[in-house]
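Report on the following structure.
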Amino acid sequence: MKKLFGIAAMVLGSALAISAQVFKNDDLQISLLEECVWIGETRDNGTLYIIEGNEKALLIDTGTECDSLDKIIRLITQKPLQVVLTHAHHDHDGNIGFFSEIYIHPGDTVLFPKTYRGKVNFVKDGTRFDLGGKSIEVVHMPGHTPGSIILVDRAAGSCYTGDAFGSGQVWLQLKPYSPMKTYIESCNRMIKLMEEGIEKIYCGHYFYVKRPFDLSHMIKMRDLAISIKEGTVVNPQPFDRKVSIGCDNPMIATSGDIGIVYDPEHVNY
Ligand SMILES: [Zn+2]
Ligand SMILES: [Zn+2]
């Protein structure tokens with residue numbers, strides 16, 4: 001089966017030039033992103049990633065409403081699969097019902113769907129998924145949610161960040177809130193990781209950016225967050241898209257192509 005898909009990828013790849021698409025239905029399309037890494041993009045612009053090692057595979061996030069996701073992943077890799085969530089928002093955990101166990105940070109327990117009947121395993125800072133020839137490390141990056149994590153592949157120089165640093169805009173207006181200070185600390189931690197060799201940030205809604213973020217993106221993001229915290233931010237605007245789990249009067253601060261949506265009542269507390 002894998003061989004068949006490899007051939008399909010080659011044929012499709014040559015037809016589409018830039019996209020080595022290996023699967024597509026109405027809900028989801030999956031393409032080769034890097035060697036042994038695939039990106040899945042859902043109809044509603046969510047993103048999931050599949051990383052395959054010599055012995056195991058890792059699914060990072062599950063997207064929303066992708067029927068039979070477990071069987072679809074099996075078309076890509078037949079290795080024993082572990083499933084980890086970057087955080088417990090529905091657009092990332094919507095398909096966990098297809099999997100008998102998942103990994104998540106306990107900081108997001110309050111957001112986690114109570115309907116899930118499988119086994120919940122907790123990760124913490126430094127937890128490693130050893131896939132055989134590939135080690136993927138958990139780093140806790142609270143802000144977007146209290147339990148947001150990123151998955152770091154130091155050898156490949158890449159990481160998978162869910163919504164921890166947004167996909168253009170980062171949303172910090174959602175309950176339960178974290179103070180801006182917490183988000184700034186996460187940005188600084190990400191900057192340090194990048195100074196140590198991580199070059200590519202693959203975000204949780206890749207559709208909106210279509211490229212990995214680099215160090216300059218993170219520095220701009222951190223500095224914008226500091227200006228919000230210190231009250232020196234230039235010209236923040238009311239953010240008009242209300243989300244049911246957000247605050248009543250969110251604001252957005254922007255700097256070039258990035259934005260931070262936040263609750264002015266919960267910047268420093
Ligand atoms: Zn989210
Ligand atoms: Zn999201």
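No value in this document is a laboratory result; all are computed from the given coordinates. Just so it is clear, the structure is predicted and the values come from calculations on it, not from any experiment. Cβ: placed from backbone, ideal geometry, glycine included. Neighbour counts: every protein chain shown.
Here the chain carries DSSP beta bridges of which approximately 70% are antiparallel, counting only pairs with both residues inside.
Axis of helix 215-230 versus longest Cα principal axis of the chain: the two differ by about 30°, to the nearest ten degrees. The 3J(HN,Hα) values that the Karplus relation (6.51, -1.76, 1.60; θ = phi - 60°) gives for segment 148-160 are, in residue order, 4, 10, 10, 10, 10, 10, 5, 5, 8, x, 10, 8, 10 Hz. Gly and Pro appear as x. The charge dipole of segment 181-248, taken about its Cα centre with unit charges on the Cβ of Lys, Arg, Asp and Glu (plus for the first two, minus for the last two), comes to roughly 180 debye. Free of any GluC sites (Glu not before Pro) that DSSP assigns to a loop and that have at most 14 other C-beta atoms within 10 Å, the longest stretch within the chain is 56-195.
Multiplying the residue separation of Lys114 and Thr232 by 0.36 nm and subtracting their alpha-carbon distance yields 38.4 nm.
Only DSSP H runs of four or more residues enter the estimate; each adds -39500 (n - 2.57), and after division by the residues of the chain the mean residue ellipticity at 222 nm equals -7000 deg cm²/dmol.
When +1 charges are put on Lys and Arg Cβ atoms and -1 charges on Asp and Glu Cβ atoms, the dipole computed for segment 130-250 relative to its Cα centre reaches about 200 debye. Filter the trypsin sites (Lys or Arg not before Pro) in segment 162-253 to those in DSSP coil with at most 12 other Cβ atoms within 10 Å of their Cβ, and list the result. Counting only loop positions with at most 12 other Cβ atoms within 10 Å, the trypsin sites (Lys or Arg not before Pro) in segment 162-253 are Lys210, Arg241, Lys242. Once the chain from Ser255 to Arg74 is taken as fully extended at 0.36 nm per residue, the excess over their C-alpha distance is 61.0 nm. List the trypsin sites (Lys or Arg not before Pro) within segment 67-168 that DSSP assigns to loop and that have no more than 15 neighbouring Cβ atoms inside 10 Å. Within segment 67-168, the qualifying trypsin sites (Lys or Arg not before Pro) (loop, at most 15 other Cβ atoms within 10 Å) are Lys114, Arg117, Lys124, Arg154.
With each label modelled as a point 7 angstrom along the Cα→C-beta vector, the Tyr269-Asp223 pair spans 3.0 nm. With a Cα-only, solvent-free Debye model of segment 21-78, what are the log10 I(q)/I(0) values at q = 0.20 Å⁻¹? The Debye formula, applied to the Cα set alone, gives -0.65. Give, to the nearest whole percent, the P(r) tail of the chain beyond 28 angstrom, counting all Cα pairs. Tail of P(r) above 28 Å: 33 percent of Cα pairs.
Taking the Cα centre of the chain as origin and assigning +1 to Lys and Arg Cβ atoms and -1 to Asp and Glu Cβ atoms, the resulting dipole is close to 420 debye. Within the same chain, lysines fewer than 8 places from Lys229 are excluded, and of the rest, those with a Cα less than 26 Å from its Cα are Lys175, Lys181, Lys192, Lys220, Lys242. By the beta-carbon count within 10 Å of each Cβ, the least crowded to most crowded order of Phe98, Phe207, fewest first, is Phe207, Phe98.
With neighbour counts taken as other beta-carbon atoms within 10 Å, the residues Thr62, Thr232, Thr86, Thr127 rank, fewest first, as Thr232, Thr127, Thr62, Thr86. Find which of Thr42, Leu131, Ile226 sits farthest along the positive direction of the dipole of the chain, computed with +1 on the beta-carbon of Lys and Arg, -1 on that of Asp and Glu, about the Cα centre. Projecting each Cα onto the dipole axis, the largest value belongs to Leu131. Applying 0.36 nm per residue to the separation of Ala155 and Asn188 and subtracting their alpha-carbon distance, the gain on full extension is 9.8 nm.
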